[in-house]
Structures are given as C-alpha cells and as structure tokens.
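Let me begin by presenting the structure, written as structure tokens, before commenting on it.
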Amino acid sequence: MKQAPAIDVERAFIHSPNSQSAQPERVEKSASEVGVLGRAVESVEPKNLDRASVLYAIKDYIVQVNFRGYNPDRRKVLSVRRTDRTAWLRNAVIPVRWEVYYYIEGELFPNEGATRLAAGQSPQDLAEKLVDQIWDDLVLWSGFDFTPSSFGLNRGKYADE
C-alpha cells in the first residue's frame, strides 16, 4: 500500500512561560491525517460500552427483583448513554439524553426466571454470569443503535458534537 505524502500543517501556538510571544509549532502530518479544510484530524478512540456500569446495573436489578420474593419488573430497562457509553438501571420513559433502552426482562434475558437468585447465590455472581451471556450481543446492539448511518437512535449528525 502506498503511503500518503507528508504535509506540513500549522497546528498550535506554543506559549513559553518566559516570553509573552507565541511561536507557531509546525507538525509533519500525512495526507490521511489532514481533514478537508487542511486542519489536522485528531484520532478518536472508539467509544466502547462500559462493562463495569452494565454489571452494576444488572446487579442492582437483581437485588431489587429478589427483595422479599421474586417479582420481576418489566418496566426496568438498561439505559445506555451515547456520550460515554455508560449504563444504568432506569424505569422505561422517553429517552431524553441521547440514550438507548434495552428491556431487562424479555429483551436482554428472554427466559423467564433468569434473574432469580438461587439459594446461597450472591447478586454479584448472578450478575457476572448474566453479563457474560449477553455481553457480545449488547456491544453489537449498542454499536448499531449509536451509528449515524444505521436506523437506530441517530440518523445523521449528532446534535451535541
């Protein structure tokens, strides 16, 4: 593969603590790193779903539905926010903060009683087991739902970027 030629791009001014004048810093960039208008394109790490927040939300749900007997709550959803891909437990309402909802009972865990604690089982152990089962699917779903070109939540440019 042929490498793009290097382009000299003026990126920033460096302010020396000893002087009050600003000196331009010239940086060598390849053509693929320069945007349409000649500005340097910053590399952006892909946003990945936060596994720890998913685990915490599922554990919280397990504790709630197993308190004083097993009462699954179909109103509870795993809400994933687009900006930082964190998840938390919420009641199903209109998503207002660029978030996607996944219903815990029926969508994430379609089998009835999947969130029921067995005798002597801790909520943490069950949550880890359940998250291991759904993790790959959940990462794919959230990636699709947040892709601007998909028919998920966003169709086009993001309003907050």
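When the chain is fully extended, how far beyond the present Cα-Cα distance does D84 get from A118, taking 0.36 nm per residue of separation?
Net length gain for the segment: 8.9 nm.
Translational diffusion coefficient, Stokes-Einstein: compute it for region 51-145 using the Kirkwood radius over C-alpha pairs as Rh, at 20 °C and 1.002 mPa s, and state it as an integer in µm² s⁻¹.
Rounded, D is 159 µm²/s.
First select every other residue whose beta carbon is under 14 angstrom from the beta carbon of Y103; then total the charges, Lys and Arg +1, Asp and Glu -1.
-3
Counting Lys and Arg as +1 and Asp and Glu as -1, what is the net charge of the other residues whose Cβ lies under 12 Å from the Cβ of S122?
Net charge around S122: 0.
Just so you know, all these numbers are worked out from the coordinates, no wet-lab data involved. All values derive from a computational prediction rather than experimental measurement. Note that we place each Cβ from the backbone using ideal geometry, even for glycine, and neighbour counts take in every protein chain shown.
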